[in-house]
Amino acid sequence: MQRHAYTYAKSALPITSHEFSAAFFKCEPPTGWRQSLAVSNSGGPDSTCLLFMIKRHIEEHSAAYPGRVVSLSINHNLQPASKAMADGAARGAAGMGVEHINKSISWNTDEFPDYPVTAAENMSRLARYQLLSAGMRDTGCRIIALGHHMDDQVETSLIRLLKNTTAYGAAGMKPVRRWGMGISEKYGSLGWTGLDGMNSWIIRPLLEFSKDRLLATCDHNELEYVVDPTNFIPSYTLRNSIRDYLASNTKTVDVGVNFMQLNFTHSAHQSFLQEFVKQTNLPGTFSVDLRRIRETLPKGQSDFRETVRELGAQAIRIDHEVDNWIQMCKTSSPIVGTFLMSAETFKRVPEHLRTHVITRILRYVSPYPWGSLRSMSKRRSDSLRIIETNLLNTTPTSTRFIAGSGVLWTPVILRDKNFKNLSEANTRHEKPVYGWLASRQRPTSAMSETDNPTIVDVTTRIRECLAQPAERFDYLYDCRFLVRFNLAQIPPHIRAALETHSLWIKGSSRSYTPAVVLKATDGAERVVHSAVSVDRRTLLPDETTMTEKKDSVDALWISSIWIRHLTG
């Protein structure tokens, strides 16, 4: 059947309420459903179907789910049809009785860079996610639903396979995940979401359904949608190129392999991928290790959709197992922002889960934005294997090491709820219990004070807030701590001192926890606040808050809070 520019199989059935209810249930964030839910709405068939299904589902189950749905659309301003598409999204939402917010990307402004002549897809994606995050903040939504479906998942899986991913990476997008600090890895740059993203969630309820079924759902319910003409231009994006190739491959291709019936252990797999790379004109930066791809995919699967679906289910099982092992490995540490564990407990982690456990620890401790590739050693197998080998081979002569993500691994002797560095411990009269402490790496000595993220002058911003006046100023310190200044409670003598003195946040102790320092004109410094606490939302089940140092300075108008999570 054909409607607008889309063609879909006559056999495709609309998604039933029962099917969507089951899929939506799997998307519930660990923090539960909130009062408001945002839906990213481009006005196309995918997001139109999603908005309709969510609105109907919540109306049918009003007691268990958010009571308010907000449609968010972004006008990319990249083509003449952009405004018409945004207007179509607004009309569609209004027709369903859904509150709608439209935001527009204003290229060539202070907020956004120049109009992208090259890399338009990536630039618009960064800008879109930044505005979606802003829309969530403006409407009080902590959860946003995106319209990705099973065919998008297949394309994502294939793109990642071409980049030499693992089976876990080939599983594609997850039905629910924490937003994180942004898809941009640079503080304050395009796509950066910072602290807001740590308590926000992305859900994808349509991942179990094919594009055909979404189109059938739109037709069955007489839903109008807009069509993005760029989706049908193969040369516009890599994803378009792959989509066009797969769509044209319903019959036997030149190399004699039917893609949807391909057995991944078949000898023709290599020929098919070679032909695929040639016909789609993939950039030379894509390195294709065909032998690894054959080993990555499950044997005996003939349908690529089913293969990706099984990989997704496998990835979810791995995440649950890793959650359990992280909880078993973690030992209470007296230093906030570190991960302390027993070497023997880590050795019990099943081999296929070890690098996943290590990746979680890196993401937790790293000073790089939470969720970024750099916070996970870019998932490089060589770096992860170095860490794994060192942790498995703990001996009295083990030494500390660094293998990515800005994380220092230090061998220690565990003692009750404390530890001692292995290099400093005297183990002659006791049977030592070996462990490892993962902590923030010391900033490089070559780094200037202005580039060092552990040394920050906040004087100007504090003065500006006091002049407004603002009741509060929040600073995301080193991508690890929220330092909150409650300016309504600032002592008069500190306010007066800030007319001539400066206020700094500096890393103290071995893990670079923040200390707020008042600096006089002659260079003399006084610590105003050094106490740190932990956001309870970051704690594992049954975990108690970490102990603070007894000699810490606690100012009532300042709080320093650890905000990185081990899960999500």
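The values are calculated or read from the model by the stated rules, or taken from the named source; none is laboratory data. All of these numbers come straight from a predicted model, not from anything done at the bench. Heads up, the Cβs are rebuilt from the backbone with ideal geometry, glycines too, and the neighbour counts pull from every protein chain shown. SASA here: full protein model, heavy atoms, side chains in, ligands and nucleic acids out. Shrake-Rupley method; radii C 1.70, N 1.55, O 1.52, S 1.80 Å.
Screening 89, 94, 81 for residues that are among the aliphatic types (A, V, I, L, M) and free of Cβ contacts under 8 Å to residues at least 60 places away in the same chain leaves exactly one candidate, 94. Inspect all residues belonging to segment 488-504 and state whether any of them is under 29 Å from the mean Cα position of the chain (by Cα) and at pLDDT 90 or above. No. In this entry, residue 129 is excluded by the filter for residues that are surrounded by fewer than 21 Cβ atoms within 10 Å (Cβ to Cβ) and either within 16 Å of the chain's Cα centre (by Cα) or without any contact (Cβ under 8 Å) to a residue 40 or more places away in the chain (or both). Going by the structure shown, is residue 290 at pLDDT 50 or above, among the aliphatic types (A, V, I, L, M) and open to solvent by less than 40 Å² (accessible area, probe 1.4 Å)? No: the conditions fail for residue 290. Residue count for segment 10-51 under the criterion of being open to solvent by less than 40 Å² (accessible area, probe 1.4 Å) and either in contact (Cβ under 8 Å) with a residue 60 or more places away in the chain or farther than 30 Å from residue 535 by Cβ (or both): the result is 24. Residue 108 fulfils the conditions (1) open to solvent by 60 Å² or more (accessible area, probe 1.4 Å); (2) over 26 Å from the mean Cα position of the chain (by Cα); (3) farther than 20 Å from residue 205 by Cα; (4) touching a residue at least 40 places away in the same chain (Cβ under 8 Å) except for a single criterion, (4).
With respect to the stated conditions, residue 205 fails to be touching a Leu at 6+ places or on another chain (Cβ under 6 Å) and under 19 Å from residue 143 (Cβ atoms).
Listed by position, the strands (runs of 3 or more DSSP E) contained in segment 476-568 that have at least 1 residues being open to solvent by 20 Å² or more (accessible area, probe 1.4 Å) and of a type in the set (A, V, I, L, M, F, W, C) are 502-508, 525-529, 558-562. Screening residue 37 against (1) under 16 Å from residue 204 (Cβ atoms); (2) within 23 Å of the chain's Cα centre (by Cα); (3) outside any strand (DSSP E or B) leaves a single unmet condition, (3). Of all the criteria given as (1) at pLDDT 95 or above; (2) over 19 Å from residue 514 (Cα atoms), the one not satisfied by residue 477 is (2). Residue count for segment 325-341, restricted to those that are in a helix (DSSP H, G or I) and modelled with pLDDT under 95: 3.
Annotation: of all residues in segment 56-89 being surrounded by 14 or more Cβ atoms within 10 Å (Cβ to Cβ) and hydroxyl-bearing (Ser, Thr, Tyr), the one that is farthest from residue 135 (Cα to Cα) is 65.
Yes/no per residue for (1) among the β-branched types (Val, Ile, Thr); (2) modelled with pLDDT under 85; (3) out of contact with any Asp or Glu (no Cβ under 9 Å at 6 or more places or on another chain); (4) part of a helix (DSSP H, G or I):
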| position | (1), (2), (3), (4) |
| --- | --- |
| 70 | yes, no, no, no |
| 78 | no, yes, yes, no |
| 89 | no, no, yes, yes |
| 92 | no, no, no, yes |
| 102 | no, no, no, no |
| 106 | no, yes, yes, no |
| 110 | no, yes, yes, no |
| 131 | no, no, yes, yes |
| 152 | no, no, no, yes |
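Restricting attention to segment 356-405, and to residues there that are among the aliphatic types (A, V, I, L, M) and touching a Lys or Arg at 6+ places or on another chain (Cβ under 7 Å), which single residue is most open to solvent (accessible area, probe 1.4 Å)? Once the filter is applied, the top-ranked residue is 373.
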